[in-house]
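Asks: Dropping a structure here in structure tokens format, bear with me for questions.
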Amino acid sequence: MKKLETKSTVLLKHHLKALKLPTFNGECEKIAARCATENVDHLGFLLQLCELELITREKRAAERRLKAARFPNSKTLEDFKFEAQPSINRVLVGELLRGEYIDKRESVIFVGNPGTGKTHLAIVLGIAACQQGKKVRFWRVTELITQLMEAREERQLARMKNQLAKLDLLILDELGYVPASKLGSELLFDVISTAYERTSIIVTTNLPFEQWPEVLGSERLTGAVLDRLTHRCHILESSGESYRLKDARRRAGSKRASGQKPAESVPESLLKSPEEIQPPPKN
Ligand code: ADP
Ligand code: MG
């Protein structure tokens, strides 16, 4: 009897492997033993295994999606201090976290000064989308343009564009930090155009819209890009100065108050607010 059991277990494991049910395979004996002691019937046993298989499968898929999205770092909503950035529409961020904008192919534009949390919130939205089963890819715009140009040179542009077209959400970080070349702008425009009505886009930028022609090279291209991006879009504006600077100043202030020297790596002049910095004396 014992021998027969062993033989059927071996066969069962073989079949479960063939059926690609790794959690069934790994957990069936443990759960069978538990169900026997708890008097759970056969269907209850099967249900427990199925649930476990589904949960592990979904967890692995979410991990794969997160990895594929290539976020530069992991940011959480809990770490974002809305009170430090009151200009950000908190209700809208909460709404966007539900992800319906992706199903409706809408875009999100974060616009505001450097260091005001645009990338932080874009990553938070991207991670939420991965957890909701969406295919996401984060790109710093300069890196995307470089890759597009390289792909073009290697005659791989169509392949790269096919990959981008499979995404549900494309995050374009730091549009406008560096002016793009004519070819670079055209390739970027092409990506945005293709994504239009197929893929949601999140853009972060420090430039108000009227300055986009300076980085995209022409009024015509900027008009076309803005037309695509703003057709159905949510705009989140962050104002004020860099969170990091404010935070460094606050920490330096509390160290000064306690008699400690401020961090060496932060120049004293940067820790002053613009009003505190005196203009150079006039001769
Ligand atoms: P931006 O993309 O607008 O230039 P970042 O999102 O990169 O700014 O923010 C710079 C740093 O400051 C990041 O480490 C970010 O996590 C942090 N940060 C910015 N705003 C906030 C905030 N309101 N609460 C907590 N951390 C913040
Ligand atoms: Mg940024």
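Asks: For segment 48-168, with only Lys/Arg (+1) and Asp/Glu (-1) charged at the beta-carbon, what is the dipole magnitude about the Cα centre, in debye rounded to 20? Don't jump to the answer; show the numbers that get you there.
Replies: Working: 23 positive and 16 negative charges, 83 e Å.
It works out to roughly 400 debye.
Asks: Sum -39500 (n - 2.57) across every DSSP H segment of at least 4 residues in the chain, then divide by the residue count to get the 222 nm mean residue ellipticity, nearest 500. Could you put the intermediate results ahead of the total?
Replies: Working: 13 runs with 159 residues, N = 283.
Mean residue ellipticity at 222 nm (helix-derived): -17500 deg cm²/dmol.
Asks: At L245 and K161, where each label point lies 7 Å from the Cα along Cα→Cβ, what is the point-to-point distance in nanometres?
Replies: Between L245 and K161, the label points sit 4.1 nm apart.
Asks: Sticking with this one: Per the Kirkwood definition applied to all pairs of different Cα atoms, how many angstroms is the hydrodynamic radius of the chain? Working shown, then result.
Replies: Numbers: mean 1/r = 0.0438 Å⁻¹.
Computed over the chain, the radius equals 22.8 Å.
Asks: Based only on other Cβ atoms within 10 Å, what is the fewest-to-most ordering of C130, C50? Don't jump to the answer; show the numbers that get you there.
Replies: On the way: C130 22, C50 13.
Lowest count first: C50, C130.
Asks: From the residues L164, L54, T230, which one has its Cα farthest along the dipole of the chain in the positive direction, the dipole being from +1 and -1 charges on Cβ of Lys/Arg and Asp/Glu about the Cα centre?
Replies: After comparing all options, I get L54.
Asks: If you don't mind, another one. R152 to E219: FRET efficiency via 1/(1 + (r/R0)^6), r the Cβ-Cβ distance, R0 22 Å, to the nearest 0.05? Write down the numbers at each step before the final one.
Replies: Working: r = 24 Å, r/R0 = 1.11.
After rounding to 0.05, the efficiency reads 0.35.
Bear in mind that the values in this text are calculations on the coordinates, not laboratory data. Note that this is a predicted model, so its numbers are computed, not measured. Backbone-built Cβ (ideal geometry, glycine too); neighbour counts: all protein chains shown.
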